[in-house]
Amino acid sequence: MSANVLTTWRPMTPDDIPAVYALSRAVHTDYPEREAVLAEKRTLFPAGCFALDAGQSADGDTRIVGYAFSHPWSDTPPSLDTFLTALPARPSTYFIHDVTLDERTRGKGHAAAIVPMLIEIARARGLTRTMLVAVNGAEAFWGKSGFVEASDTTRQTTVREKYGPRAILMGRDLSAI
């Protein structure tokens, strides 16, 4: 990525899904999800899906160097690579499914920039809690963003059954902000 290219978060479009899927496969080798599952998340709640756009490549394709999926949900994170079918009619929390960056894009503040945007979406829908599953050592980043590890051991066990033994369920109370 050229240093003079402006990299910005923007709403994800259906045309972004192939690039998002390719980045997902490259970054999340231990957490694969089918392209159709990612596309469904975007279709069900486009307001919570973003692409980190680094402009066009030499061949004219848009360079997606990051993405975020989030949506209203219930108390337990959905399983990986599973169709949601529908969002809950009365959600209890806002689930940040994934914030992913290309390795060369990390450390430049892009992940920190999307978090307030996701929290604002949750608050605009009247939700006072957020939830996510930290993987690949991301719990330190999420902790700096105000998320804390869930103390409920039963829910942690359920998350680890779905996402793997190092996964950590984290949340953030939005009622105080």
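The values are calculated or read from the model by the stated rules, or taken from the named source; none is laboratory data. Keep in mind it's a predicted model, so treat the numbers as computed, not measured. Don't worry about glycine lacking a Cβ; one is built from the backbone with ideal geometry, like all the others, and counts go over all protein chains shown.
Here's a check for you: in segment 10-33, which residue that is β-branched (Val, Ile, Thr) and under 22 Å from Val133 (Cα atoms) is surrounded by the fewest Cβ atoms within 10 Å (Cβ to Cβ)?
Thr29
Of all residue pairs spaced 6 or more apart or on separate chains, those with beta-carbon atoms under 7 Å, a first member in segment 73-87 that is more than 11 Å from Lys162 (Cα to Cα) and modelled with pLDDT of 95 or more and a second member that is assigned to a loop (DSSP other than H, G, I, E, B) and among the hydrophobic types (A, V, I, L, M, F, W, C) are Leu87/Phe45.
Per-residue answers, yes or no, for (1) crowded, with 16+ Cβ neighbours inside 10 Å; (2) in contact (Cβ under 8 Å) with a residue 40 or more places away in the chain; (3) within 14 Å of Val115 (Cα to Cα):
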position: Leu127; (1), (2), (3): yes, yes, no
position: Met131; (1), (2), (3): yes, yes, yes
position: Ala138; (1), (2), (3): yes, no, yes
position: Gly143; (1), (2), (3): no, no, yes
position: Asp152; (1), (2), (3): no, no, no
position: Asp173; (1), (2), (3): no, yes, yes
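In segment 28-42, the residues that are without any contact (Cβ under 8 Å) to a residue 24 or more places away in the chain form Cβ pairs under 6 Å with partners that are part of a helix (DSSP H, G or I), at six or more places apart or across chains, as follows: Glu35/Tyr21. Restricting attention to segment 56-72, the residues that are modelled with pLDDT of 95 or more and not small (Gly, Ala, Ser) total 4. With a requirement of 2 or more residues that are under 17 Å from Cys49 (Cβ atoms) and out of contact with any Cys (no Cβ under 6 Å at 6 or more places or on another chain), the strands (runs of 3 or more DSSP E) lying completely within segment 86-177 that satisfy it span 93-101, 129-134. Scanning segment 114-124 for residues that are out of contact with any helix residue (DSSP H, G or I) (no Cβ under 9 Å at 6 or more places or on another chain) and either surrounded by 13 or more Cβ atoms within 10 Å (Cβ to Cβ) or closer than 16 Å to Thr76 by Cβ (or both) turns up Ile114, Met117, Ile119, Arg123.
For segment 121-160, a tally of residues being more than 13 Å from Arg172 (Cβ to Cβ), more than 16 Å from the chain's Cα centre (by Cα) and of a type in the set (Gly, Ala, Ser) returns 3. When the residues of segment 17-39 are filtered to those that are acidic (Asp, Glu) and under 18 Å from Phe83 (Cα atoms), the one that is nearest to the chain's Cα centre (by Cα) is Glu33. Exactly one residue out of Arg160, Arg172, Arg123 is at pLDDT below 95 and among the basic types (Lys, Arg), and it is Arg160. Give segment 26-40 a look and list any residue that's in a helix (DSSP H, G or I) and over 20 Å from His110 (Cβ atoms), or say none. Once the filter is applied, which keeps residues that are in a helix (DSSP H, G or I) and over 20 Å from His110 (Cβ atoms), segment 26-40 yields Glu35, Ala36, Val37, Ala39, Glu40.
When Thr100 is tested against (1) under 13 Å from the mean Cα position of the chain (by Cα); (2) modelled with pLDDT of 95 or more, just one condition goes unmet, and that condition is (2). The set of residues in segment 125-177 being closer than 19 Å to Phe69 by Cα and among the charged types (D, E, K, R) consists of Arg125, Arg129, Glu139, Lys162, Arg172.
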